[in-house]
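Below you'll find the structure, written out as structure tokens, and then a few comments.
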Amino acid sequence: MTARVLDGLAAAAAVKAELSVRIRSLRENGKTPGLGTLLVGSDPGSQSYVGGKHRDCAEVGLESIRIDLPDSATAADVRAAIADLNSAAEVTGYIVQLPLPSGIDDREMLELIDP
């Protein structure tokens, strides 16, 4: 087997171009897909990742909603934010960015996501 070097930037550009076309087609047919994110706390890696998701959304024409909660957020605060995302008509999918702050059960929160 021969190794092959991939151009990650070119691959990403191709995927984004295809997504733009698909999203435009969905919009023309009355469907508006949207991504939601829930970020709890100030983990720099998580902030960067979530920021990148929203930049990508803007680039391909996808709606996005971002909920940021502070490090001091309680489990009840996270549950409420997840409930908001579950009921948001403009959100067709969302992520709860991990890790959650100490004391908040990741698994419990992820199980609240309405598939």
Which value in deg cm²/dmol, rounded to the nearest 500, describes the helix-derived mean residue ellipticity at 222 nm for the chain, given -39,500 (n - 2.57) per DSSP H run of n ≥ 4 and division by the residue count? -15500 deg cm²/dmol
Could you give the size of the charge dipole of the chain about its Cα centre, using +1 on the Cβ of each K and R and -1 on the Cβ of each D and E, expressed in debye and rounded to the nearest 20? 560
Considering just Cα atoms, how many Å³ per residue does the convex hull of the stretch 51-115 enclose? 85
Once R0 is set to 35 Å, what does the formula 1/(1 + (r/R0)^6) return for the Cβ-Cβ distance between A10 and Q47, expressed as a FRET efficiency to the nearest 0.05? 0.80
Select from L39, G61, A76 the residue farthest towards the positive end of the dipole of the chain; place +1 on Cβ of Lys and Arg, -1 on Cβ of Asp and Glu, and compute about the Cα centre. G61
For the stretch 4-52, what does the alpha-carbon gyration tensor say about shape, rounded, prolate or oblate, given a ≥ b ≥ c as the root eigenvalues, a/c under 1.5 as rounded, and a/b over b/c as prolate? oblate
Using eta = 1.567 mPa s and T = 4 °C, Stokes-Einstein with Kirkwood Rh from Cα pairs puts D for the stretch 6-115, in µm² s⁻¹, at 86
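If you count, for each residue, the other Cβ atoms within 10 Å and average over each peptide, how do 36-48, 3-15 line up from highest to lowest?
By packing density, highest mean first, the sequence is 36-48, 3-15.
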Round to a whole number: what % of the accessible area of the chain belongs to carbon and sulfur, probe 1.4 Å? 55
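So for the chain: antiparallel DSSP bridges make up what percent, rounded to the nearest 5?
Details: 0 of 11 bridges.
Bridges in the chain that DSSP calls antiparallel: roughly 0 percent.
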Quick calc: nm separation of the 7 Å Cα→Cβ label points for T32 and I113 -> 2.4
Given a 1.4 Å probe, how much area per residue of the stretch 1-64 is accessible, in Å²? 68
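Show me 17-23, 87-93 ranked by packing, highest mean number of other Cβ atoms within 10 Å first.
Working: 17-23: 14.0, 87-93: 12.3.
So the order, starting with the most tightly packed, is 17-23, 87-93.
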Evaluate the distance, in nm, between pseudo-label points positioned 7 Å from the Cα of T2 and of S72 along their respective Cα→Cβ axes. 6.2
Length-normalised contact order of the chain, Cα under 8 Å, at least 6 apart, in percent, tallies to 30
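The values are calculated or read from the model by the stated rules, or taken from the named source; none is laboratory data. On a predicted model such as this, the values are computed, not experimentally measured, just so you know. When we count neighbours, we look across all protein chains shown, and the Cβ atoms used for this are built from the backbone with ideal geometry, even at glycine. Heads up: the accessible areas ignore ligands, DNA and RNA and are worked out on the full protein's heavy atoms, side chains in. Shrake-Rupley method; radii C 1.70, N 1.55, O 1.52, S 1.80 Å.
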